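The values are calculated or read from the model by the stated rules, or taken from the named source; none is laboratory data. The structure displayed is predicted, hence computed values, not measured ones. Here the Cβ positions follow ideal geometry from the backbone for every residue, glycine too, while neighbour counts run over all protein chains shown. Only protein heavy atoms, including side chains, enter the accessible area calculation; ligands, DNA and RNA are left aside. Shrake-Rupley method; radii C 1.70, N 1.55, O 1.52, S 1.80 Å.
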Amino acid sequence: LYSVSKFAVGGSHVYKWAVEEGATENVAFTETAQWAPTHDGNADIVILQLGTNDLDNVIVLGDSGEEQYLTTYESIVQSYLRLENTPYVILSNTPVNYKNVDSTIAQLNMQIASKYGLPCVDMYAYTLAYSTEEITTYYNR
């Protein structure tokens with residue numbers, strides 16, 4: 001018997017980017033009500049697909065934005081790897097969409113997966129074949 005749960009928080013980010021750093025105001029996923037329940041269950045598998053909302057801020061801040069994204073996302077990954085029930089952790093790049101057409105986040109996610117020996121489903125690369133019109137139509141349903 002399988003149970004699948006979704007804990008997505010639309011508009012949340014990996015990192016709470018400070019407005020004074022030149023980034024847009026936001027909330028970090030780790031500060032939402034959905035964060036704690038993702039650690040309370042006895043999940044056998046955890047799939048993390050984070051980063052879409054962070055792209056603009058990472059690009060604006062350059063190297064310091066990439067470093068902060070990597071550091072914070074790694075701490076999120078580590079929080080699952082340290083769970084007593086040791087779930088199988090899988091990273092998934094966000095698909096290309098009207099907001100995410102740059103490969104920076106996908107590359108950073110692949111770095112994290114490689115560092116921890118985790119699989120990474122490259123939805124970014126898979127969806128590159130779709131036109132902007134097809135992607136916009138899909139997301140605006």
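Go through region 129-141 and give me each residue that's within 20 Å of the chain's Cα centre (by Cα) and loosely packed, with under 12 Cβ neighbours inside 10 Å. Scanning region 129-141 gives a single hit, Y139.
Screening N26 on (1) part of a loop (DSSP other than H, G, I, E, B); (2) touching a Lys or Arg at 6+ places or on another chain (Cβ under 8 Å); (3) modelled with pLDDT of 85 or more shows it passes everything except condition (3). The number of residues in region 29-44 being outside any helix (DSSP H, G or I) and open to solvent by less than 100 Å² (accessible area, probe 1.4 Å) comes to 7.
Here P95 fulfils each of the conditions (1) open to solvent by 80 Å² or more (accessible area, probe 1.4 Å); (2) closer than 21 Å to G10 by Cβ; (3) not hydroxyl-bearing (S, T, Y) apart from (1). Only residues that are open to solvent by 50 Å² or more (accessible area, probe 1.4 Å), out of contact with any Leu (no Cβ under 9 Å at 6 or more places or on another chain), in a helix (DSSP H, G or I) and more than 15 Å from Q107 (Cα to Cα) were counted across region 57-88, and they come to 4. If only residues of region 104-128 that are open to solvent by 60 Å² or more (accessible area, probe 1.4 Å) and of a type in the set (G, A, S) are counted, the one that is farthest from S79 (Cα to Cα) is S114.
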